[in-house]
Amino acid sequence: MKRITIRDVAKEAGVSVTTVSFVMSNKKCEEAGLDKKYCIVEETADRVLQAVNKLGYRPNLAASSLRNGRRNTIGVITSDIANHFFSDIARSIENVAYDSGYTVLFASSDESESKMESIVDTFLDNSLDGMIIAPCKGGGAVVRKVIDAGIPTVLFDRDLPGLSCGRVLLDNVKAGEMAVDLLYDAGYRKIAMINYSLGISSMDDREKGYREAMRRHSLSGEIDVCTTVYGQAEQDIRDYIIDCVRRKVDAILFPTNTISVIGLEVLHDLNIEVPDVMAVVCFDKNDCYDLYSPRITRITQSTEDMAVESFNMLRKIIERPDEKYDHTVVLQPEVILRESTSTKKTI
């Protein structure tokens with residue numbers, strides 16, 4: 001079947017090819033919520049759009065990208081798109097990007113610097129307009145490669161200091177402090193934490209907040225952190241929780257989705273009563289938090305806000321290529337209070 005071209009549309013509508021191009025540009029601006037670029041008589045524009053619909057014309061995006069230097073395609077790199085937190089963000093980025101006329105390519109680094117570099121190289125080879133990245137440990141050189149290639153870049157959830165790019169982050173120090181504060185106010189004093197040894201800013205900052213809040217409450221002697229390895233955490237978490245029960249630790253923080261799920265499974269398997277034996281605070285969002293009995297208190301952030309802020313920031317950088325951009329948006333955490341941190345019973 002013959003491909004319908006812009007010339008076919010012009011012939012059908014009885015206008016010039018330039019007029020069709022102007023009408024299509026106006027339509028694209030309207031779909032993206034922008035003002036029209038060209039002044040075209042409404043009757044003429046309607047006639048062109050009717051011809052477009054009648055013939056089933058689809059613009060040649062490759063040719064368009066050669067003219068304006070853009071493909072309206074961006075890349076998003078998460079650590080693990082199967083993780084509930086990152087999948088929520090990815091879904092929201094896709095929605096807001098689609099509404100603005102962008103296509104999104106997704107990939108997961110699996111916390112591997114070499115895999116992240118391979119993904120970045122593939123994205124660079126495909127001349128994407130920009131990238132939104134949750135960097136893994138050691139990913140600074142890889143992200144710098146993107147920036148040096150002139151690709152607009154936004155980091156989200158995790159920071160890499162010293163890079164000239166946009167950032168959308170949670171106040172993770174405050175999040176860690178909030179978890180300790182709510183447990184302290186409920187009467188808990190022996191508060192432990194399990195963390196990954198990933199060396200990424202979000203996890204490091206949550207632990208920093210935990211430690212600072214423990215010291216502020218004069219509980220320096222009770223600071224108790226177990227560090228485990230990403231992808232090999234199940235046995236470490238099980239052994240640590242058993243040891244916490246033996247030492248009469250009365251509350252525990254699970255600072256990520258994956259640690260939370262493993263930790264809740266262990267507590268259930270070992271029949272450890274929450275919060276009577278051990279209170280629990282988790283982080284981020286997960287359906288299991290409200291399905292678990294009792295329901296789980298968590299420190300959360302709006303994945304939609306992070307997605308929208310990240311995309312809008314990237315789009316601004318893409319559309320203003322001559323401006324130097326090094327801006328940071330810091331989102332605030334929120335406490336969702338449930339029964340897993342009920343006030344501690346005193347005897």
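Values as computed for the structure displayed
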read-out	value
Cross-chain or 6+ apart pairs with Cβ under 8 Å, region 2-24 first and over 14 Å from residue 45 (Cβ atoms), then buried (at least 16 other Cβ atoms within 10 Å of the Cβ) and among the β-branched types (Val, Ile, Thr)	6/20; 17/6
Condition met for residue 73 (farther than 30 Å from residue 133 by Cα, β-branched (Val, Ile, Thr) and modelled with pLDDT of 80 or more)	no
Filter result (surrounded by 15 or more Cβ atoms within 10 Å (Cβ to Cβ), closer than 17 Å to residue 336 by Cβ and not aliphatic (A, V, I, L, M)) within region 264-287	275, 282, 283, 284, 285, 286
The lone exception for residue 142 - which of (1) touching a residue at least 40 places away in the same chain (Cβ under 8 Å); (2) in contact with a helix residue (DSSP H, G or I) (Cβ under 6 Å, 6 or more places away or on another chain) it fails	(1)
Elements of type helices (runs of 4 or more DSSP H) contained in region 246-347, each with 2 or more residues being free of Cβ contacts under 8 Å to residues at least 60 places away in the same chain and farther than 30 Å from residue 93 by Cβ	257-269
Residue satisfying condition, being small (Gly, Ala, Ser) and crowded, with 21+ Cβ neighbours inside 10 Å, within set 260, 293, 302, 342	260
Qualifying residue in region 236-257 (condition: closer than 25 Å to residue 160 by Cβ, modelled with pLDDT of 95 or more and of a type in the set (Lys, Arg))	no
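To keep it simple, each residue is scored yes or no on (1) modelled with pLDDT of 95 or more; (2) farther than 19 Å from residue 196 by Cα.
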site: 121; (1), (2): no, yes
site: 127; (1), (2): no, yes
site: 132; (1), (2): yes, yes
site: 138; (1), (2): no, no
site: 141; (1), (2): no, yes
site: 146; (1), (2): no, yes
site: 149; (1), (2): no, yes
site: 156; (1), (2): yes, no
site: 179; (1), (2): yes, no
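Residue by residue, here is whether (1) within 24 Å of residue 258 (Cβ to Cβ); (2) hydrophobic (A, V, I, L, M, F, W, C) holds:
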{"site": "76", "(1), (2)": "yes, yes"}
{"site": "97", "(1), (2)": "no, yes"}
{"site": "130", "(1), (2)": "no, no"}
{"site": "136", "(1), (2)": "yes, yes"}
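The values are calculated or read from the model by the stated rules, or taken from the named source; none is laboratory data. Keep in mind that what you see is a predicted model, and the values were worked out from it rather than measured. Virtual Cβ from ideal backbone geometry, glycine too; neighbours counted across all protein chains shown.
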